[in-house]
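The values are calculated or read from the model by the stated rules, or taken from the named source; none is laboratory data. Everything quoted here is computed from the prediction, not taken from an experiment. A quick note on method: Cβ atoms are made from the backbone with ideal geometry, for glycine too, and the neighbour counts reach across all protein chains shown.
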Amino acid sequence: MNESAETITGTPQPYPYPPAPPQRRSRAWIWFLVGGGLFLGFCLVVVTFMVIVSRSFSASNDGFSAFGGNIAVVDIDGEILSADTIVDELRRFNEDSSVKAIILHIDSPGGAAAPSQEIYHEVLSIREHHRKPIVVSIESVGASGAYYIASAADKIYANDASVVGSIGVIMEWTNYGGLLQWAKLKPEVIHAGALKDAGDPSRELTPEERVYFQGLVDNMYGQFVHDVAIGRHLPASQVQSLATGQVWTGEEALPLHLIDQAGGFRTALIDTARSVGIHGEPTVVKPIVYHRSLWDILTSNADDLFPNPGKILEHHAGFYFLWR
């Protein structure tokens, strides 16, 4: 009496297949993560290696040709806020025997007083003590602190439409006292010495402070006039008459003896090369420009990427050889 399950129950029953084997989870995602991590690690190692090799090569060769007959070009662009880089470049080029002359290619309205003066003295030192020709080519602007620097060179070239001059000093800062009053903030200062907090940007200057700061500005102005007179081999009285803070075009500056020759960078380059015995097309060498690598960004100070908002009001009084 072998009756089927369908006959007994009256309903069809599923055929009793054996159970399916358990499915194994795919591990492709694990291999993807491992492979991606290894690839990123490899890229980081390669970038680091390239940076180290590049800097080691640059340090050993200084980026200059080992053969003679080179003309070095140092660019001074924008506002001058620091002297370190420019001074280092000038010293390396001055010590490189393959460099026969140096051209300062200037396009700057000037900048902070002390850095401009420091670069001026370095240029003057190369000119007077090392006897290596150093020439200036002014592109669009060579004013105030930039002209201060140019005056120390052997020769100044400028285009007829270049802006030249602006011999003068300016001191400035931002008074945010009204903003503090609006925000109901009141700064408290304890000091010893009547002029210790002179220039406090949270309040107005006193008459005594104005006289004090004017004396500092006048002193720097005298240094500016004196140094330009020394660099340009002009009487101080003649420079004084031109030191009104105004600018001239290159065409106007030539008869005033503020520049030596009209012409652009190409003219300055060829003339300088001929003056040191280089015939044909001169070889131009420039300082190596380091670009920030991924490693530099990862190891840099976070303040470079995310400035501290608390420093926004930390703007102190400054002295500038600057044309605006």
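Just so you know, in the stretch 106-137 the residues that are of a type in the set (A, V, I, L, M) and within 18 Å of the chain's Cα centre (by Cα) include one that is nearest to V74 (Cα to Cα), and it is I106.
May I ask you to verify whether I138 is in a strand (DSSP E or B), touching a residue at least 12 places away in the same chain (Cβ under 8 Å) and not polar (S, T, N, Q)? Before the answer, list the steps.
Values: in a strand (DSSP E or B): yes; touching a residue at least 12 places away in the same chain (Cβ under 8 Å): yes; not polar (S, T, N, Q): yes.
Yes, satisfied.
Only one of V211, V239 is surrounded by 12 or more Cβ atoms within 10 Å (Cβ to Cβ), among the aliphatic types (A, V, I, L, M) and assigned to a helix (DSSP H, G or I). Can you tell me which? Reasoning before the result, please.
Numbers: V211 fails: surrounded by 12 or more Cβ atoms within 10 Å (Cβ to Cβ).
Just one listed residue meets the conditions, V239.
Scanning the stretch 95-119 for residues that are outside any strand (DSSP E or B) and of a type in the set (A, V, I, L, M, F, W, C) returns A113, A114, I119. Could we say that S162 is in contact with a strand residue (DSSP E or B) (Cβ under 9 Å, 6 or more places away or on another chain), surrounded by fewer than 17 Cβ atoms within 10 Å (Cβ to Cβ) and within 21 Å of A253 (Cα to Cα) here? Criteria not met by S162. For the stretch 59-76, filtered to residues that are within 20 Å of the chain's Cα centre (by Cα) and modelled with pLDDT of 95 or more, the residue that is nearest to V141 (Cα to Cα) is I76. Scanning the stretch 66-111 for residues that are more than 21 Å from Y148 (Cβ to Cβ) and of a type in the set (S, T, N, Q), we see that the one that is surrounded by the fewest Cβ atoms within 10 Å (Cβ to Cβ) is S97.
Hey, can you tell me all the residues within the stretch 80-94 that are in a helix (DSSP H, G or I), over 19 Å from I278 (Cβ atoms) and not hydroxyl-bearing (S, T, Y)?
So in the stretch 80-94, the residues in a helix (DSSP H, G or I) come out as 84-94.
Now narrow it down to the ones that are over 19 Å from I278 (Cβ atoms): 84-92.
D84, I86, V87, D88, E89, L90, R91, R92, listed by residue number.
If the condition is being in contact with a Phe, Trp or Tyr (Cβ under 9 Å, 6 or more places away or on another chain), part of a loop (DSSP other than H, G, I, E, B) and closer than 16 Å to A112 by Cα, then the stretch 142-182 contributes S144, S166, I167, G168, V169.
Filtering the stretch 222-264 down to residues that are of a type outside the set (G, A, S) and touching an Asp or Glu at 6+ places or on another chain (Cβ under 7 Å), which residue is farthest from E118 (Cα to Cα)? Explain how you work it out, then say what you get.
Keep residues of the stretch 222-264 that are of a type outside the set (G, A, S), which gives 223-228, 230, 232-235, 238-240, 242, 244, 246-249, 251-252, 254-261.
Checking the rest, the ones that are also touching an Asp or Glu at 6+ places or on another chain (Cβ under 7 Å) come to 249, 251.
Working: T249: 26, E251: 29 Å.
So the residue we want is E251.
Quick one: in the stretch 186-199, of everything that is surrounded by 10 or more Cβ atoms within 10 Å (Cβ to Cβ) and farther than 22 Å from V217 by Cβ, which residue is farthest from the chain's Cα centre (by Cα)? Give the steps one after another, and end with the answer.
Taking the stretch 186-199 and keeping what is surrounded by 10 or more Cβ atoms within 10 Å (Cβ to Cβ), we get 187, 191, 194-199.
From what is left, the residues that are farther than 22 Å from V217 by Cβ are 187, 191.
Values: P187: 34, H191: 36 Å.
Checking each candidate, the answer is H191.
Within the stretch 258-282, residues that are at pLDDT below 95 have Cβ atoms under 6 Å from residues that are of a type in the set (V, I, T) in these pairs: P282/I71, counting only partners at least 6 apart in sequence or on another chain.
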